[in-house]
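Single-structure report; data block below.
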Amino acid sequence: MPGLIDIHSHFIPDWYADEARAAGIVDSIDGMPGWPAWSEEAHLALMNENGIERSMLSLSAPGVHFGDDEAAADLAHRTNDFALELKARHPDRFGVFASLPIPAVDASIAEAARVLDELGADGIAVKTNAHGVYLADASLEPLWSALDERSAVVFVHPTASPGAEHTAFGRPSPMLEYLFDTTRAFTDLVLSGVFERYPRIRWVAPHSGGLLPLIATRVSLFQQMFGPKLPGVRPNESTETLAELMPKLWFDLAGTPLPASAPALIQAAGHDHLLYGSDWCFTPPPVVAQHIAGLDAGWGDLTDAGWRDLTTRNAEVLLAPPTTNGEQQS
């Protein structure tokens, strides 16, 4: 039985949490109480206990941008170096999706080039929005162009949307708002034509794609009815519908994929791009184990291959370096 490849796992160095607290993020992260404990030793122990062969490290919310572009670029540099040093110590156990100081575009392009071209990062991690700047915002086009040239993996992690303090009704944003913001960000990327303009980027959506499997046909219907006249759709650039694009995206199974989300996702997007995600350290170790046990017990005949073999094989394809013509190795 192959070891799992965990696409969705987080690290929190003590000094990073201290800087976030100093910036005012003191008692909660998007409504979640406190900061979870993390250490290199604890991460490896969790992996060993749950049959996880390799974990891709990324920062969760709140990311690195706390309001100042220069400070964000510096924090991105330091957190990426920390994660890459951890990968160097354990090259067979850890990979890195590096953070960028979005919405500072020039600094983000420079950091992406540094970590991808010089330091061997496996991809880039971005948030669904950065202080209200969503991923399809025109200001980010130069960044997507740079990442498209590198056929980069871009792992998208949700965060609270602007005004979530009102729409979440005081409840933690990860419970509901994260799913909505994932859906909002990816739908906007489709309608704005970003996926079509930068087809070599390999986009990963978390938590079974949020609500994307459920609303893909509805959004596609609006695309078909109104075409370029639909507000927010750029003429002659968004020719593929969300339903048509779903099989081209990648999806992790972090959260609650069974009994409902995974079947809906497979129906909407197929199974060739399904990936395993633990969401540790924000998901406690007992829940990580429960999640894996639930997949073992409930996957059944959703796919010909078991979920372990399937997600590991898919992750190996996703993380394989592209060929010289930009296509992925198989």
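From the list A262, A289, A243, A268, the lone residue that is assigned to a helix (DSSP H, G or I), on the phi < 0 side of the Ramachandran plot, of a type in the set (G, A, S) and in contact (Cβ under 8 Å) with a residue 60 or more places away in the chain is A289. When restricted to residues that are among the polar types (S, T, N, Q) and loosely packed, with under 14 Cβ neighbours inside 10 Å, region 38-50 contains 2. If you filter region 253-287 down to residues that are among the hydrophobic types (A, V, I, L, M, F, W, C) and crowded, with 23+ Cβ neighbours inside 10 Å, you find that the one that is farthest from L242 (Cα to Cα) is W280. Scanning region 51-73 for residues that are assigned to a helix (DSSP H, G or I), out of contact with any helix residue (DSSP H, G or I) (no Cβ under 6 Å at 6 or more places or on another chain) and surrounded by fewer than 22 Cβ atoms within 10 Å (Cβ to Cβ) gives D69, E70, A71. Any residue that is at pLDDT below 95, assigned to a helix (DSSP H, G or I) and either buried (at least 23 other Cβ atoms within 10 Å of the Cβ) or out of contact with any strand residue (DSSP E or B) (no Cβ under 9 Å at 6 or more places or on another chain) (or both) - is there at least one of those in region 143-165? Yes: one or more hits. Does region 88-132 hold any residues that are small (G, A, S) and within 30 Å of L46 (Cα to Cα), and which are they? Residues satisfying the conditions are A88, G95, A98, S99, A112, G120, A121, G123, A125. With the requirement that a residue be within 27 Å of P174 (Cβ to Cβ) and surrounded by fewer than 19 Cβ atoms within 10 Å (Cβ to Cβ), what does region 103-138 give you? Passing the criteria: H131, G132, V133, D137.
Scanning region 108-132 for residues that are part of a helix (DSSP H, G or I) and of a type in the set (V, I, T) yields I109, V115.
Could you list all residues from region 2-16 that are part of a helix (DSSP H, G or I) and either on the phi > 0 side of the Ramachandran plot or surrounded by 17 or more Cβ atoms within 10 Å (Cβ to Cβ) (or both)? Scanning region 2-16 gives a single hit, Y16.
Among the residues of region 212-223, is there at least one that is of a type in the set (K, R), more than 22 Å from L59 (Cα to Cα) and part of a helix (DSSP H, G or I)? Yes, there is a match, as at least one residue in region 212-223 is of a type in the set (K, R), more than 22 Å from L59 (Cα to Cα) and part of a helix (DSSP H, G or I). Once region 21-50 is narrowed to residues that are touching a helix residue (DSSP H, G or I) at 6+ places or on another chain (Cβ under 9 Å) and outside any loop (DSSP other than H, G, I, E, B), the residue that is farthest from K87 (Cα to Cα) is I29. Within region 37-63, residues that are within 17 Å of R89 (Cβ to Cβ) and acidic (D, E) reach partners that are at pLDDT 95 or above and in a strand (DSSP E or B) with beta carbons closer than 7 Å, at six or more positions or on different chains, in the pairs E53/L4; E53/I5.
The values are calculated or read from the model by the stated rules, or taken from the named source; none is laboratory data. Computed from a predicted model, the values in this text were never measured in an experiment. Backbone-built Cβ (ideal geometry, glycine too); neighbour counts: all protein chains shown.
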